[in-house]
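The values are calculated or read from the model by the stated rules, or taken from the named source; none is laboratory data. Bear in mind that the values here come from a model prediction, so they are computed numbers and not experimental data. Here the Cβ positions follow ideal geometry from the backbone for every residue, glycine too, while neighbour counts run over all protein chains shown. Only protein heavy atoms, including side chains, enter the accessible area calculation; ligands, DNA and RNA are left aside. Shrake-Rupley method; radii C 1.70, N 1.55, O 1.52, S 1.80 Å.
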Amino acid sequence: MSFLSVKRILFVFCFVFCSIGFTYSNAQTKSYAYVTLDTVHLKQDTLDWSLVFYMPHNSKVSFTNERPDSLNNEISLSVACAFTASNLKGVVGDYVCRGRLYSNTRDVETGFCVILKDTIIIDYLNDTSLFYKNLAIKNKGAYFQQMLLLKDGDTVECTIFRKQKPTFRRCLAWYNGRGVVIESVDRLTFEDFANALRKVGIKDAIYLDMGTWSDGFVRLKDKTIFSIGHLKYNTKYQTNWLRYIYEPSKQKKSSKAIRTSNQRKPKKKR
């Protein structure tokens, strides 16, 4: 074999080896959707409370009326969202999913949430809500109605849970420029949960369906599925979900909340 032939063989070998190494490196560094957990402990008078923050990575929040599949590795988190109607066939209150409006009977909700790409808006449910509902329709976004926990750092009174015993609570909150799901480790009243959120610096938060609808799952960094929730026997009747679905990580400019943009909206009425 000539020296030239040996040289060519070595060149081909090196090329193939480097190509395999490059492909393996890309596979190792490719981003994927997952959730990390952060537990915060705090004291209220003589009580000890704990909150779990579910922090999604490489994921964007969305609202869906189609049951998320835990086998779909693009979903990092899924939990029940708006209340299901007493007939177990629909969602309580109007909602917008992928830009389509579904009109339903309103119950006792005090707040709403709009999801538009990188922006989450949580606010009082009142005469101005139509502006944001139409905004969700126009921008192919999402809108749902629920009980408001906090707005601008102030707790919001909730009467429907007043006679209810303390239980586990969960919410969607705006935290450090993104939406996160927060859950109580302890059984709390609605008011205590709102106060606990306020004490850790949450400004805006909206409730998520719990009780017997608390079933959910998160995908951890090692790609294992972790089930969350306590009472789950109404899981089969769930009609809507909050989920975080894979979005490739990229450098993003910090988005300004729509309420501070140049778009006009009606004056608030409470």
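Checking the Cα-Cα distances for 163/199; 30/117; 117/138; 117/140; 89/236 against a 18 Å cut-off, the pairs over it are 163/199; 30/117. Using the Cβ-Cβ distance between residue 31 and residue 237 with R0 = 51 Å, the FRET efficiency computed as 1/(1 + (r/R0)^6) comes to roughly 0.90. With protein chains left intact and a 1.4 Å probe, residues in segment 42-192 average 46 Å² of accessible area per residue.
Above 16 Å, the calculated P(r) of segment 206-247 contains 43 percent of its Cα-Cα pairs.
The translational diffusion coefficient of segment 28-163, from Stokes-Einstein at 10 °C and 1.306 mPa s with a Kirkwood hydrodynamic radius over alpha carbon pairs, comes to 93 µm²/s. The label point for residue 108 and the one for residue 39, both projected 7 Å from the Cα toward the Cβ, are 3.2 nm apart. Given their separation in residues at 0.36 nm each and the Cα-Cα distance between them, residue 230 and residue 89 gain 48.5 nm when the chain is fully extended. Phi angles across segment 151-164 convert, under the Karplus curve 6.51 cos²θ - 1.76 cosθ + 1.60 with θ = phi - 60°, into 3J(HN,Hα) values of 9, 6, x, 9, 6, 10, 4, 10, 8, 5, 9, 4, 8, 7 Hz, Gly and Pro given as x.
For segment 53-82, the residues whose backbone nitrogen is under 19 Å from a point 7 Å from the Cα of residue 199, taken along Cα to Cβ, are 53-54. Just to be sure I understand the model, the point goes 7 Å from the Cα along the line to the Cβ. What's the resulting residue 126 to residue 46 distance in nm? Rounded to a tenth, the inter-label distance reads 3.9 nm.
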